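Report on the structure given below.
The values are calculated or read from the model by the stated rules, or taken from the named source; none is laboratory data. Computed from a predicted structure; not experimentally measured. Virtual Cβ from ideal backbone geometry, glycine too; neighbours counted across all protein chains shown. Side chains are part of the model used for accessible areas, which takes the heavy atoms of the whole protein and leaves out ligands, DNA and RNA. Shrake-Rupley method; radii C 1.70, N 1.55, O 1.52, S 1.80 Å.
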Amino acid sequence: MKKFIFFLTAFMLISFSGCNWKVEIVNPNETMIESETDINKEPETEIEPEAPFITDEESEKDSSEQEKSERPALTYTDSENTYSLEVSKPDFGPEVTYIDYINIVNDRLYASSHNSSSGIFSADFNGKNGLVLENSKDDSSYDNIDDICSAGGNDIFILKTDIPEKEPFNLRQTAIKTDSEGNFIEEYFLFEAEDGFLFGSDIVMDKNGNFYLWDYWGKVLVFNDNFSESYIIDHSEEGVFLNVVSLNNGNAYVTTHKGNFLFDHEKQTFSGIIDVPIVTVFDDSGNSEFDFICHDYENLYGYVFEENRLEKLICLADSGIDSNFLHSADIDENGNITVITKELIRYEPTVFMIFHFEKEN
C-alpha cells in the first residue's frame, strides 16, 4: 500500500510538471506574500514566442495604451489660497436687457446682445468698467456673434456669421482679429455654408498659432500657418465633441464622450486617448499656471496637464454657487477667479451672475 501511494505521488508530480504547473512547498510558519508582479512573473529561461502579425488597428490601440501608461498618475492637491468673494450681475448699461453671448477671454468679460445696435460689450474680469467695442472696418457693428477666443497677447478673435442680403444666400463664417478694445486688425475667411448649415459655433486658438473651428457633432476645421493651410478632422460617425481646449504646452486637445485626444498636426488626426480627470471642462484656459479650469459639480479645480495634477480651488456650495447653473469660469495670472452662472427663466431674460474671488494671500 505504501509503495502504491509513493508511485501515485511521483506520477502526479511528473504530470503537473508536464502541464507547466509549479508546485511549491510553503513553510506554514512563514508569512506568504502574494503580489500581482510575483504571480505574473515569467520564468527567466522561458523563450518568448515569435510576435504574431499585428494589424494597423491593433497597432494604433497598443500605441494608445502606451501613451496612456506614460502619463503620470493623477494627483490631487488643495489650494492654500484664501479669497474674498464679490457677487454681482453683469452691467453693460440700460440698453442691454438681454444677453445672447457672454464669456471671459484674456481676463476680460465679453458679451453681445441682439436687442442692442452697439454689438459687443466688454468689461473687467469682475464685470466692472464696461465699454462698447469699436466698430469693424466697414463701420458696421459686430452682429451675429457666435464666439470669442484669445488671439494671443491681448488680441481676440471674434467668430462672426455674415448673412448676405441678396442671392446666393450662402452663410459665411469669418474670424475677425481685433485688439482688446475691438479695433480691427485682420479678417480671415473660414467657411461658406451652401446648404444653410454653419460649420461650427465655437473657436479656439492654441499657443502654437493653430486655429480651430469646431462643432458639437464631431468635426473640427483646423487652420495653421497664419490661416494659409487648413484641414478637417471628421469623427462625426464615432461621437460628439464636448470641448476643444488649448494647453500651455502649445497644443490643444478635444474631449469627446468616448475619451480625450491630443491633436496630431503632422498626421492631421488625433493622437491616442489620454487620461484626464472625468470632469466638465470650461472652454477658456485662462492666463494662469493651469491649463484649464474644470468642475465636478461639487468643487472648482485647476488642472496642470504635464503633471496630471488636479488642484481644488473652491467649494461651489460654500460660495453660494448652484452647480446646475455653471456657465464659464477663468483664473488670471494673479490667481483671481471669476465664475459666471446662467439661469434660464421662462418668458424672462436669462439671469447671469458673476462670482469674483479676489486672492488675499
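Using a/c under 1.5 as the rounded threshold, could you call the range 146-290 rounded, prolate or oblate? The axes a ≥ b ≥ c are square roots of the C-alpha gyration tensor eigenvalues, and prolate needs a/b larger than b/c, oblate otherwise. Oblate is the answer for the range 146-290, as a/c is 1.5 or above yet b/c matches or exceeds a/b. Note on Y216 and K89: the extension gain reaches 42.8 nm, defined as 0.36 nm multiplied by sequence separation minus the Cα-Cα distance.
Averaging 1/r over each pair of different alpha-carbon atoms in the range 244-360 and inverting the result gives 15.3 Å, the Kirkwood hydrodynamic radius.
Binning the alpha carbon pair distances of the range 307-347 at 10 angstrom intervals from zero yields the distribution 22, 49, 23, 6, 1, expressed in whole percent.
Among the GluC sites (Glu not before Pro) in the range 153-233, those placed in a DSSP loop whose Cβ has at most 10 other Cβ atoms within 10 Å are E165, E194. Taking the centroid of alpha carbons for each part, the range 312-361 and the range 161-223 are 28 Å apart.
A 1.4 Å probe, protein heavy atoms only, puts the accessible area of D162 near 40 Å². Taking the protein heavy atoms of the range 290-361 in the context of the full set of protein chains, the accessible area attributed to carbon and sulfur is 42 percent at 1.4 Å. Note on N308 and T97: with the Förster distance fixed at 45 Å, the Cβ-Cβ geometry gives a FRET efficiency of about 0.50.
With protein chains left intact and a 1.4 Å probe, residues in the range 193-352 average 46 Å² of accessible area per residue. In this rough spin-label picture, where each label sits 7 Å from Cα along the Cβ direction, the E360-F169 distance is 5.8 nm. Projected label points at H114 and H327, each 7 Å from Cα along the beta carbon direction, are separated by 1.6 nanometres. Label-to-label distance, N334 versus E266, with points set 7 angstrom from Cα along the beta-carbon direction: 4.2 nm. Where does the charge balance sit around Y253 when Lys and Arg score +1, Asp and Glu -1, over other residues with C-beta under 11 Å from its C-beta? Taking every Cβ under 11 Å from that of Y253, the sum is -3.
Shape analysis of the range 224-293 places it in the oblate category; the axes a ≥ b ≥ c from the Cα gyration tensor give an a/c of at least 1.5, with a/b not above b/c. Please state, as a whole number in µm²/s, the translational diffusion coefficient that the Stokes-Einstein equation yields for the range 157-221 at 20 °C and 1.002 mPa s, with Rh defined as the Kirkwood radius across alpha carbon pairs. Roughly 167 µm²/s, to the nearest whole number.
Applying a DSSP loop filter and a limit of 16 other Cβ atoms within 10 Å to the trypsin sites (Lys or Arg not before Pro) in the range 209-310 leaves K258, K267.
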